[in-house]
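Here the structure is laid out as structure tokens; the discussion comes afterwards.
The values are calculated or read from the model by the stated rules, or taken from the named source; none is laboratory data. Everything quoted here is computed from the prediction, not taken from an experiment. Neighbour counts are summed over all protein chains in view; Cβ atoms, including those assigned to glycine, are modelled from backbone coordinates with ideal geometry. To get the accessible areas, we keep the full protein, side chains included, count just its heavy atoms, and leave off ligands, DNA and RNA. Shrake-Rupley method; radii C 1.70, N 1.55, O 1.52, S 1.80 Å.
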Amino acid sequence: MVAAFPLGQKEDGVPGSAGGAAPLLEVRDITKHFGAIQALRNVSLAVRPGEIHGLVGANGAGKSTLIKILAGVETADSGEILIDGQPVIIGEPQRASALGLSVIHQELNLVPQFTGFQNMALGLPMSGRTGLVDWRRLRSEVAKAAKRLDIQFPLDVPVSKLTVAEKWLIMIGRSLVRDARLIAMDEPTGSLSLEEGERLFKIIRELTASGVAVLYVSHRLDEITTLCDRVTVFKDGQCVADMERATLSRASLVRAIVGSDLVVAPAHTGVLSDAPVMLEVEGLSRKPAVKDVSFRLRRGEVLGLAGLVGSGRTETARIIFGADKPESGHMTLNGKRYAPSGTWQAVRDGVALVPEERRSQGLILAQSIKFNVNLASWRTTRRRYLPLVDFAQAQRAALNAISSLQINARGVDQRVGRLSGGNQQKVVIAKWLVRHPKVLLLDEPTRGVDVGARAEIYRIIRSLAAEGVAVLVISSEFAELAACDRVLVMNEGRVVGELVGEHISEEAILHKCYTSEAGPN
């Protein structure tokens, strides 16, 4: 991990302006509602030129909402934002850029088919005096940014061929060619190796030494304590702490994030201990996201998988489902060796995945409920001895899904894109239930659905477990994982803790997320 430096002192010894300069950015009493949900409550903070300002908090604390407001994607309901002491209204991304604010989201906003040069120049004024594209000027500005970041890889290849670390440099370069004065980085090291992270930290320090401010959002508290000049802690949409480097420690941050020095009772074993093991994972690795993951999932068990952003939960599920291949380790399914060469083989063997992004990965929105419910089962709905689909059977499957899962729809021919988020999620689940899976993996099953639909989805999960299905639930809603029989906690690609039965709670999971060490890479 990087070394710590005194407040206001940069890596190369150049005094920074973080300690005493007037704020570059001030946020005063910002409030934001999403329907009946209050995402931000009178939030205030200040970021100075040349400062690395950390922003931490549990999932759902309001960090992303504030970042979206600064990016011009969302608009605050009340409060004000000041740049150099002057009130401003952002309202749209172009205005944020004009004000010198740049946001690099965890899901990098790049055009895969465009080159690095094109992505860095994207959005700049293109034409010169003649009205034609001024390629010389654009290349000169991009070259200056590339030199500043010491970019060694070619900028004339599509970014789809670059590494994640190289893509991050492209995004930072895009900010520099727009003369960004403050760059917000959301979980920048989530997909980087240790070496790549170290290089990013070096670049961040060099940027702040030149006066650029960085708003650094991360769940990795070791990075926060060693990198940041000051840290603001969010909890339930409010700023609950503002700490300078001299007062920073992992323990103080955990207390602010969790709300207490919670002592969790040791986990007990024995949940469903008599049930046969349906899925066993041993030493599963696919670096940098998954490192030596081992666990057992029993028949009829609901096993929760918790962790913060970048912990490796989704990547683990993708390996089990055959979407990605492990570099090492092995799996057994119902006592037999299980090594799917693709998702088709996983489905054939009785493993199903409800993905985190249901709209892009789990459904065909333009098609009907009937089509989507039978999407994974058309081969099994063929008429006997004939290569023709038995549409009567497909109709029955869709009608049964609507009835048993209580899908609110006009009929089986309604387009899935017209359904609510909760009903869309039920269709994704129904698609797999038609195949009667042995193991069902659910990645963020209640994301984007209302309270009623959430309760219904967990009722479905419990009923499936009662029928003998082994269920693995990945969720960022830690309070919901209390419905699980067991919860495993992941940190930086490893399983670092286990909670069982009555010891499962949101506070206990959060405590393990922030206090359990992931160990060496």
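For this structure, a couple of remarks:
- Matching residues, the stretch 179-211, being touching a Lys or Arg at 6+ places or on another chain (Cβ under 7 Å) and either open to solvent by 10 Å² or more (accessible area, probe 1.4 Å) or without any contact (Cβ under 8 Å) to a residue 24 or more places away in the chain (or both): Arg205, Ala209
- Scanning the stretch 331-363 for residues being hydrophobic (A, V, I, L, M, F, W, C) and under 23 Å from the mean Cα position of the chain (by Cα) gives a total of 4.
- Positions within the stretch 482-497 being charged (D, E, K, R), assigned to a strand (DSSP E or B) and under 18 Å from the mean Cα position of the chain (by Cα), in sequence order: Arg494
- Every residue from the stretch 145-178 that is loosely packed, with under 13 Cβ neighbours inside 10 Å and under 23 Å from Glu206 (Cα atoms): Lys147, Asp150, Gln152, Pro154
- For the stretch 350-369, residues that are open to solvent by 40 Å² or more (accessible area, probe 1.4 Å), part of a helix (DSSP H, G or I) and at pLDDT 90 or above total 0.
- Just one of the listed residues (Ala479, Ala465, Ala409) is surrounded by fewer than 23 Cβ atoms within 10 Å (Cβ to Cβ) and assigned to a loop (DSSP other than H, G, I, E, B), namely Ala409.
- Count of the stretch 112-144 residues which are among the β-branched types (Val, Ile, Thr), open to solvent by less than 70 Å² (accessible area, probe 1.4 Å) and modelled with pLDDT under 90: 1
- Of all residues in the stretch 213-261, those satisfying the criterion of being surrounded by 21 or more Cβ atoms within 10 Å (Cβ to Cβ), out of contact with any Pro (no Cβ under 6 Å at 6 or more places or on another chain) and in a strand (DSSP E or B) are Val214, Leu215, Tyr216, Val217, Arg230, Val231, Thr232, Val233, Phe234, Cys239.
- Enumerated helices (runs of 4 or more DSSP H) restricted to the stretch 85-174, each holding at least 2 residues that are aliphatic (A, V, I, L, M), under 27 Å from Tyr216 (Cβ atoms) and in contact with a Gly (Cβ under 7 Å, 6 or more places away or on another chain): 135-148
- Restricting the first member to the stretch 347-368 and to residues that are within 16 Å of Ile429 (Cβ to Cβ), and the second to residues that are charged (D, E, K, R), the beta-carbon pairs closer than 6 Å and six or more apart or on different chains are Gly350/Lys438; Pro355/Asp443; Glu356/Asp443; Glu356/Glu444.
- Pro340 being over 30 Å from Asp186 (Cβ atoms) and outside any helix (DSSP H, G or I): yes
- Taken over the stretch 319-332, the residue count meeting the criterion of being assigned to a helix (DSSP H, G or I) and surrounded by fewer than 22 Cβ atoms within 10 Å (Cβ to Cβ) is 0.
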